[in-house]
Amino acid sequence: MNIVSGSSLPLKALLSNFGLALLAGTGIMYANISPAIVTAYAQNPHFTAEEAGYLISINMSGCALGALITSFYLNRFNWFHFSILLLIILIVSDLVSIWLNQPFSLYSIRFIHGLSAGSLMGIAYAAIARTVYPERIQALSYTFQLLCGGILILIITPRIEFSGSLIVWLPLILFYLLGLLFCPLFKNTGVNKNILVEPGSSASASNLIIALTLAGLFFFQMGQFAAFAYVIELGLNKSFSTEFTGNTVAMGLWIGGPAALFVTWWSLRSGRTLPILVASGVQISSIALLLFPYSTTFIVGNVGWGIGFNIGISYILGLASELDNQGKIATLAAFASTLGLASGPGFAAVIVEGNNYDGVIVASIIILFISITLIIIPAMTLDSKNRTKRMIWT
């Protein structure tokens, strides 16, 4: 396996890293503003709070299916042309969503949106998996997503009452247009070779390690997103003002987003196990603080949650990217991740009946503990084989 260095073209390599990070997060950007989307439709007379939660779940289900399908056909189509088509579908589906006010019709168009978003995500994850430091690009992607998500929530939340669905879907189109600018990175089935580890043999980790990683990633995303989808409604239920709640959730994203830059600097110096354990512990403790009806704990909980999540997900996705040399497992990781994101709001919607938002938080914490139990074995296995460098299978 030859590592192609980009040191001679640092600016080009930097732009390529950013482009891959942006493309990985573009289709899934709506997930970062899901609390605002849930609130917008929970306040819509045509939807109940449960139906608003199912909206996100169905969107994410389509996303998971799109990533799964892409994993089987990854090397059979032109990534560049397909990604352009997918972004066009995303634009059209968001425009159509603005005018739909009936659950079934909106569910249908959001499922189509999800299929396209998941396919784009799968391609980007496969490209990232072929780079030298996949955890760094994943961290950059989530930094971008959370920073932009925080800005959007701050803008969207106070305007929901007057603008309704228009304010939640229209801003997302800007990210799809930006994504079109970086699609050339996918030309010739691939990516900028200044940052690639060229695919080698088809060797990979054992099926058990792959299964435990994908299951751990699934429960990680399910647990955190079950709580995140209803976090604004949780704050309102605890008698916090709409402005305070929106600003606090946005603050958590803003501070949590840049926290992932730690990963881009620290990388694997302390392996994978310790960062994942510490980040998950911070996330669980912070989510638990949301159970208390105090503004201070709501602020600290959101900020700590953002930090723990962004660092943890970067390392877990980086771990998944190291399970083979060709990026196929990374595409399956995109499926597991989005399936978890789809399951979280749907699971929470069942629990939340009767405004049982605290029950959602408790369930989220239990699921995250399951995630740690599963992911720790693959992390320790890779650390035992190659603790401070990317794992290359032979």
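The values are calculated or read from the model by the stated rules, or taken from the named source; none is laboratory data. Everything quoted here is computed from the prediction, not taken from an experiment. Note that we place each Cβ from the backbone using ideal geometry, even for glycine, and neighbour counts take in every protein chain shown.
Could you figure out which of (1) within 30 Å of Thr388 (Cβ to Cβ); (2) at pLDDT 85 or above isn't true of Arg136?
In the conditions (1) within 30 Å of Thr388 (Cβ to Cβ); (2) at pLDDT 85 or above, Arg136 misses (2) alone.
For the range 25-39: of the residues being under 13 Å from Leu120 (Cα atoms) and over 9 Å from the mean Cα position of the chain (by Cα), which is surrounded by the most Cβ atoms within 10 Å (Cβ to Cβ)? First the steps, then the outcome.
In the first step, residues of the range 25-39 are kept if they are under 13 Å from Leu120 (Cα atoms); the result is 25-29.
This time we only want the ones that are over 9 Å from the mean Cα position of the chain (by Cα), so: 26-27.
Numbers: Thr26: 28, Gly27: 32.
Result: Gly27.
If Gly346 satisfies all but one of (1) closer than 20 Å to Ile37 by Cα; (2) modelled with pLDDT of 85 or more, what's the number of the condition it fails?
Just one mismatch for Gly346, condition (2).
Would a scan of the range 344-351 turn up a residue that is buried (at least 21 other Cβ atoms within 10 Å of the Cβ), closer than 30 Å to Glu50 by Cβ and under 15 Å from the mean Cα position of the chain (by Cα)?
Yes, the range 344-351 contains at least one residue that is buried (at least 21 other Cβ atoms within 10 Å of the Cβ), closer than 30 Å to Glu50 by Cβ and under 15 Å from the mean Cα position of the chain (by Cα).
What pairs come out if I take residues in the range 372-394 that are closer than 20 Å to Leu217 by Cβ and part of a loop (DSSP other than H, G, I, E, B) and pair them with residues that are modelled with pLDDT under 80 and hydroxyl-bearing (Ser, Thr, Tyr) whose C-beta lies under 8 Å away, six or more apart or interchain?
Arg390/Tyr133; Trp393/Ser201; Trp393/Ser204
Check the range 194-206 and report whether any residue there is over 19 Å from the mean Cα position of the chain (by Cα) and at pLDDT 80 or above.
Pass one, the range 194-206, residues over 19 Å from the mean Cα position of the chain (by Cα): 194-206.
Checking the rest, the ones that are also at pLDDT 80 or above come to 206.
Scanning the range 194-206, I find at least one residue that is over 19 Å from the mean Cα position of the chain (by Cα) and at pLDDT 80 or above, so the answer is yes.
Residue-wise test of (1) under 23 Å from Ser141 (Cα atoms); (2) among the aromatic types (Phe, Trp, Tyr); (3) surrounded by fewer than 24 Cβ atoms within 10 Å (Cβ to Cβ); (4) in contact with a Lys or Arg (Cβ under 7 Å, 6 or more places away or on another chain).
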position: Gly216; (1), (2), (3), (4): yes, no, no, no
position: Phe225; (1), (2), (3), (4): yes, yes, no, no
position: Gly256; (1), (2), (3), (4): yes, no, no, no
position: Phe262; (1), (2), (3), (4): yes, yes, yes, no
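Please go through the range 278-294 and give me each residue that is buried (at least 16 other Cβ atoms within 10 Å of the Cβ) and in a helix (DSSP H, G or I), ordered by number.
Hits for the range 278-294 are Ala279, Ser280, Val282, Gln283, Ile284, Ser286, Ile287, Ala288, Leu289.
Could you tell me whether Leu177 is surrounded by fewer than 16 Cβ atoms within 10 Å (Cβ to Cβ) and modelled with pLDDT of 85 or more? It would help to see each step written out before you state the result.
On the way: surrounded by fewer than 16 Cβ atoms within 10 Å (Cβ to Cβ): yes; modelled with pLDDT of 85 or more: yes.
Yes.
Listed residues Ile329, Ile372, Ile366; which is modelled with pLDDT of 85 or more and farther than 21 Å from Phe225 by Cβ? Outline the logic, then answer.
On the way: Ile372 fails: farther than 21 Å from Phe225 by Cβ; Ile366 fails: farther than 21 Å from Phe225 by Cβ.
Step by step, each of Ile329, Ile372, Ile366 is checked, and only Ile329 is modelled with pLDDT of 85 or more and farther than 21 Å from Phe225 by Cβ.
Ile287 - would you say it is at negative phi and in contact with a strand residue (DSSP E or B) (Cβ under 8 Å, 6 or more places away or on another chain)?
Values: at negative phi: yes; in contact with a strand residue (DSSP E or B) (Cβ under 8 Å, 6 or more places away or on another chain): no.
No; evaluated as a whole, the condition is false for this residue.
Which condition number does Asn75 fail, the rest of (1) modelled with pLDDT under 90; (2) in a helix (DSSP H, G or I) being met?
(2)
Cβ-Cβ under 9 Å, sequence separation 6+ or interchain: first residue in the range 139-158 and closer than 17 Å to Gly318 by Cα, partner among the aromatic types (Phe, Trp, Tyr) and surrounded by 24 or more Cβ atoms within 10 Å (Cβ to Cβ). Which pairs?
Once the first residue is closer than 17 Å to Gly318 by Cα and sits in the range 139-158, its partners that are among the aromatic types (Phe, Trp, Tyr) and surrounded by 24 or more Cβ atoms within 10 Å (Cβ to Cβ) give Ala139/Tyr315; Tyr142/Phe309.
Count, please, the residues in the range 242-277 that happen to be assigned to a loop (DSSP other than H, G, I, E, B) and hydrophobic (A, V, I, L, M, F, W, C). Explain how you work it out, then say what you get.
Taking the range 242-277 first, the residues assigned to a loop (DSSP other than H, G, I, E, B) are 260, 267-272.
Within this subset, residues satisfying the condition of being hydrophobic (A, V, I, L, M, F, W, C) are 260, 268.
Within the range 242-277, residues that are assigned to a loop (DSSP other than H, G, I, E, B) and hydrophobic (A, V, I, L, M, F, W, C) number 2.
Per-residue answers, yes or no, for (1) of a type in the set (A, V, I, L, M); (2) within 21 Å of the chain's Cα centre (by Cα):
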| residue | (1), (2) |
| --- | --- |
| Tyr357 | no, no |
| Ala363 | yes, yes |
| Ile366 | yes, yes |
| Phe369 | no, yes |
| Pro378 | no, yes |
| Ser384 | no, no |
| Ile392 | yes, no |
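Taking the stated definitions as given, is His46 touching a residue at least 12 places away in the same chain (Cβ under 8 Å) and surrounded by 19 or more Cβ atoms within 10 Å (Cβ to Cβ)?
Working: touching a residue at least 12 places away in the same chain (Cβ under 8 Å): yes; surrounded by 19 or more Cβ atoms within 10 Å (Cβ to Cβ): no.
It is false that His46 is touching a residue at least 12 places away in the same chain (Cβ under 8 Å) and surrounded by 19 or more Cβ atoms within 10 Å (Cβ to Cβ).
Among the residues that make up the range 150-172, is at least one of them within 25 Å of Thr242 (Cα to Cα), at pLDDT below 90 and of a type in the set (Asp, Glu)?
yes
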